[in-house]
Amino acid sequence: MDTFDKIEAMLAELLEQANDQKKNSGKLSSKLDGIDGRLSKLEAVSASPQVTESVITLVDHDKKMGEVQGQLQKWYGRYENYKQLYEKLQAEQPYWATKEWPIKAFRWIHDKRHQWIWIIYILFTLILSLSICNSVFQRRKIIELQDTQMKYRFIKAIGAAPKEVQFLEDAYERHWVDRLDYIEGTVSDYEKALKHKADSIARAEREKLERF
């Protein structure tokens with residue numbers, strides 16, 4: 001009887017183990033199905049064309065930077081050459097032909113504008129004063145010439161010294177150089193003698209006053 005019970009217990013255990021193995025095999029088959037599905041998806045993804053991504057490494061970066069620095073040095077060298085050429089041309093070009101002197105002159109005039117106002121005012125005042133003095137001198141000269149002309153016209157009107165008057169008329173109307181030189185020399189000598197006589201009289205009068 002005990003033997004039958006043990007056998008029955010062993011059979012029950014075997015059945016339970018078989019049931020457990022069946023359950024485990026079902027789980028395993030489901031896991032395998034999931035793995036199979038994932039593998040199929042991976043195959044589909046691997047079969048589709050993939051977009052390659054560019055990856056910049058440190059070596060590529062250093063290479064690019066070296067190329068950029070070389071290009072910059074090349075441009076800087078060209079800039080230095082153009083600068084030296086420009087300075088050479090500026091040195092050979094005359095200063096008046098450059099555009100610098102008008103700018104400097106304008107700046108200088110602008111900086112000294114207050115002084116320029118006074119300078120212009122002084123020059124205007126000086127020119128005006130000289131004009132007034134010249135006008136006064138010319139006025140006196142005109143009056144003197146008018147008086148001399150009136151004296152000559154009076155001598156001509158009364159008929160005094162008709163030969164001498166006619167001599168003067170012919171000399172100035174016909175522009176005889178010899179007669180004009182003679183007239184000017186005679187007048188100059190007469191005025192010098194008259195001035196010397198007047199100085200002698202003035203000196204004698206002064207000496208007379210000094211004695212008293």
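Brief remarks follow.
- Residues of region 146-168 satisfying the condition of being open to solvent by less than 100 Å² (accessible area, probe 1.4 Å) and acidic (Asp, Glu): Asp147
- Contacts under 7 angstrom Cβ, first residue in region 56-73 being at positive phi, partner open to solvent by 100 Å² or more (accessible area, probe 1.4 Å) and at pLDDT 80 or above, 6 or more apart: none
- Filter result for Ala171 (over 60 Å from the mean Cα position of the chain (by Cα), surrounded by 10 or more Cβ atoms within 10 Å (Cβ to Cβ) and assigned to a loop (DSSP other than H, G, I, E, B)): no
- Test: residue in region 134-145 that is open to solvent by less than 100 Å² (accessible area, probe 1.4 Å) and hydroxyl-bearing (Ser, Thr, Tyr): yes
- Taking residues in region 138-158 that are in a helix (DSSP H, G or I), and partners anywhere that are open to solvent by 90 Å² or more (accessible area, probe 1.4 Å), not one pair has Cβ atoms closer than 8 Å while being at least 6 places apart or on different chains.
- Of all residues in region 197-212, those that are at pLDDT below 85 and of a type in the set (A, V, I, L, M, F, W, C) total 2.
The values are calculated or read from the model by the stated rules, or taken from the named source; none is laboratory data. None of the values given here were measured: they were computed from a predicted structure. A quick note on method: Cβ atoms are made from the backbone with ideal geometry, for glycine too, and the neighbour counts reach across all protein chains shown. Ligands, DNA and RNA are stripped out before the accessible areas are found, and what is left, the full protein with its side chains, is counted by its heavy atoms. Shrake-Rupley method; radii C 1.70, N 1.55, O 1.52, S 1.80 Å.
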